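The values are calculated or read from the model by the stated rules, or taken from the named source; none is laboratory data. Every value quoted in this text rests on a predicted model; they were computed, and no experiment measured them. A quick note on method: Cβ atoms are made from the backbone with ideal geometry, for glycine too, and the neighbour counts reach across all protein chains shown.
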Amino acid sequence: MQLRRLTLATALASGSVIFANFALAAGDVQRGAIIAKRWCASCHVVTSDQASASADAPSFFDIAQRRTDRKKLGNFLMDPHPPMPDMHLSRKEIDDIVSYIRSLDPRPQPPPEPEGKDKELPKKG
């Protein structure tokens, strides 16, 4: 009986850690919107009620439809590239912005892939 309780407690604790890590990795959409309005709106259209921005910078709505992979979008934001300035965003701020951008895509989102798991290949024949 003691072993069963210990096993259950361990499983619950592990599940909590996994859920917390997933929540952190997903980013905060509302914080991402705040950061985008502060740092990105001078060049990009970041909200539907924004009147203008640079003609050369794609809107966040366009980016959401073109860049569907969270990891690639995050890597793009981490690597400073002209004409976009290096804003020295933290990893958490980048995750928040990526979550905000992904929330603007009207298409249904596939469930996230678990980290470290290989995709199952189709079976032959």
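Annotations for the structure displayed:
- Residues of region 24-56 that turn out to be in contact with a Ser or Thr (Cβ under 7 Å, 6 or more places away or on another chain), more than 15 Å from Ser99 (Cα to Cα) and touching a residue at least 24 places away in the same chain (Cβ under 8 Å), as a count: 1
- Exclusive hit being more than 21 Å from Ala26 (Cβ to Cβ), of a type outside the set (Lys, Arg) and touching a residue at least 12 places away in the same chain (Cβ under 8 Å), set Met78, Met84: Met84
- Candidates Ala20, Ala25, Ala55, filtered to the one that is out of contact with any strand residue (DSSP E or B) (no Cβ under 8 Å at 6 or more places or on another chain), at pLDDT below 85, part of a loop (DSSP other than H, G, I, E, B) and small (Gly, Ala, Ser): Ala55
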